[in-house]
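What follows is a short report on a single structure.
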Amino acid sequence: MHVERLHPWPTGVAEAEAIQDRLRVHVELTGPTTFTLVAGLDVHYHGDDSLTAAVVVLDGDTLAPVEQVVAHGRAAFPYVPGLFAFRELPALVEALERLAVTPDLLVCDGYGLAHPRGFGLACHLGVLTGLPAMGVGKTPFIGTHETPGPERGAWTPIVHEGATIGRALRTQRGVKPVYVSQGHRISLDTATDQALRLTSRYRLPDPIRHADHLARHPS
DNA sequence: GCGACAG
DNA sequence: ATCTTGTCGC
């Protein structure tokens, strides 16, 4: 698939933040509610700055893998909370461009709207691709939330400065919640629904699990 | 002012 | 993210 690349790459924190502020206005918070091809994205680091980005596309109904690609590269930015996306973006974009099919939804490991400037990795990838995108984080980041009930499907809002920016979602009974937020062209209700529907047996959605496995064990 | 801070 | 042993549970 084709991915828009429209930046001078940032050389420091101020430039990276300016890019986020500039692209943020393109984020759309509504979109489709069903998806035919769902892509999971993840990156694995191998010491130093080398990394492997993986994208696995699943059938939206059966969750069966349809296509998988990897791209090797190097972390493109130091790790700074809030600028995490700049580390992985080039390799993830490269992997997406190697895809023969075009997914309907990108499921990213990390955050989207629930970010210090409202523009996490999921928003960034969504805007660059033009595709619906959502983030699923494994640990809390921005905002506060109550602990959701123990049942699969229970959720509580993540609130920051008076606004709901995501949800803590219990994807399996008695298992730690995940943190869902909108990336691009998706509502919070739909993102929550997809996070749940894409999680068959474990804590994390299948697309992310497949991508994580592929990034760690490239064929 | 200080600490905390997606992966 | 990654460095690691043991332990619990299916």
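Label zone (A:LEU63, point 7 Å along Cα-to-C-beta; backbone nitrogen cut-off 16 Å) within region A:194-217: A:194-213. Going by neighbour counts of Cβ atoms within 10 Å, the residues A:VAL43, A:VAL80 line up, fewest first, as A:VAL80, A:VAL43.
Using the Cβ of A:HIS115 as centre and a radius below 13 Å, the other residues enclosed give a net charge of -1, where K and R count +1 and D and E count -1. For A:THR129, A:THR62, A:THR190, A:THR36, the sequence from fewest to most other C-beta atoms within 10 Å is A:THR62, A:THR36, A:THR190, A:THR129. Classify region A:13-216 from the C-alpha gyration tensor, please: rounded if a/c falls under 1.5, else prolate or oblate depending on whether a/b exceeds b/c. Taking the square roots of the gyration eigenvalues as a ≥ b ≥ c, region A:13-216 is rounded.
Taking 7 Å steps out from each Cα toward its Cβ at A:ALA76 and A:ALA154 produces label points 4.1 nm apart. What shape does region A:3-80 take by its C-alpha gyration tensor, where a ≥ b ≥ c are the square roots of the eigenvalues and a/c under 1.5 counts as rounded, a/b above b/c as prolate, and the rest as oblate? The shape class here is oblate.
Reported to the nearest whole Å, the Cα centre-to-centre distance from region A:26-90 to region A:1-21 is 17. When the helices of chain A are scored as -39500 (n - 2.57) per DSSP H run of n ≥ 4 and the total is divided over every residue, the value at 222 nm lands at -7500 deg cm²/dmol.
Computing FRET efficiency as 1/(1 + (r/R0)^6) for A:GLU97 and A:ARG24, where r is the C-beta to C-beta distance and R0 is 22 Å, gives about 0.40. Cβ under 11 Å from A:ARG185's Cβ, A:ARG185 left aside: what net charge do those residues give with Lys, Arg +1 and Asp, Glu -1? Summing Lys and Arg as +1 and Asp and Glu as -1 gives -2.
Every number in this text was worked out from the coordinates using simple rules, so none of it is lab data. This is a predicted model, so every value here is computed, not measured. Cβ coordinates were reconstructed from backbone atoms using ideal geometry, including for glycine residues, and neighbour counts include every protein chain displayed.
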